1. Quick one: work out the % antiparallel among DSSP beta bridges in the range 5-224, nearest 5.
2. What percent does the relative contact order of the chain come to when contacts are Cα pairs within less than 8 Å and at least six residues apart?
3. Less than 15 Å Cβ to Cβ from V24, Lys/Arg counted +1 and Asp/Glu -1: what total charge do the surrounding residues give?
4. Determine the alpha carbon to alpha carbon distance for each of K123/K144; K70/K144; K79/K187; K44/K143; K123/K187; K123/K143 and list only those over 18 Å.
5. Just need the Rg to Rh number for the range 5-224, please, alpha carbons only, Kirkwood Rh.
6. Find how many whole Å separate the alpha carbon centroid of the range 107-157 from the alpha carbon centroid of the range 23-75.
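What follows is calculated from the coordinates using simple rules that are stated; it is not laboratory data. Since we're looking at a predicted model, the values are computed, not measured. For neighbour counting, all protein chains shown are included, and Cβ atoms are generated from backbone atoms with ideal geometry for every residue, glycine included.
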Amino acid sequence: MDALIDVRSLCFRYDDGTVALDGVDFQLYPGETVAIFGANGSGKTTFVLHLNGLLMGGGAITICGNAVNKQNLSRVREKVGVVFQDSEMQLFMPTVLEDVAFGPLNLGLSREEASERALEALKQVGMSGCAARAPYHLSAGEKKRVAVAGILAMRPEILVLDEPTTFLDPPGQRSLIELFESLPQAKILVTHDVECARALAHRAVFFEKGRIRGEGSVEDIVARFNWDRTVIRRPTSSRH
Ligand SMILES: Nc1ncnc2c1ncn2[C@@H]1O[C@H](COP(=O)(O)OP(=O)(O)O)[C@@H](O)[C@H]1O
Ligand SMILES: [Mg+2]
């Protein structure tokens, strides 16, 4: 089976000299969800920014058979929808509906078609009732859903979710996980949330210093890299 995303020897250095990616090889296959774990600063977001050409480093990336380069950018961005960690970055129109319709309008659809797609996407994320509201008045969970709707309205084949549950309360996290479970697209899920990865991902990779240091099931990776919050309890004090 051909990979939807095929990344070969990806390297990237920021202008200040920071080497953020140092030879990443990665494949995403149809139907799978892959979790990306790794410490803060290990290169996860830099990696994600390469998947729709927001950054372009050394090496090669193909998305559904299209090389990621300047000529193919719009085609690549139709295939890969990236939901950023900070929804504020993604929401900037006066109403939710306009925000979600922005992407489809940009694809060249008519106003009617774009609105139709936006309403359908809002329905998918359970936000139909908020179409006329101002995005900045929404809760963090609602903002995240609207940001996801904005991506779904572009009908991508692949969803890339960069720390989607980070700013949400536990019920908000749970319902977002349920939403992602209901979406048929192949997914890349960057997360520190092991429960979220357990619920959604078929396998996991572990980033360290701009490289993938391990790959396996979520449980394998969590165990190998000691990657959960379980506190090792000290023996109880004998003073009382
Ligand atoms: N705009 C930037 N300019 C310079 N260095 C950056 C920039 N963004 C990120 N970095 C650096 O690149 C490395 C990888 O960062 P990032 O991809 O954001 O990691 P992660 O998402 O895993 O936390 C870090 O050392 C970080 O400080
Ligand atoms: Mg990040």
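1. 50
2. Details: 448 pairs, mean separation 59.7, N = 240.
Computed value for the chain: 25 percent relative contact order.
3. Numbers: positive: R8, R13, K44, K209, R211, R213; negative: D6, D22, D25, E208, E215.
Summing Lys and Arg as +1 and Asp and Glu as -1 gives +1.
4. Distance filter (> 18 Å) returns K70/K144; K44/K143; K123/K187.
5. Dividing the radius of gyration by the Kirkwood radius yields 0.96.
6. If you average the Cα positions of each part, the centres end up 24 Å apart.
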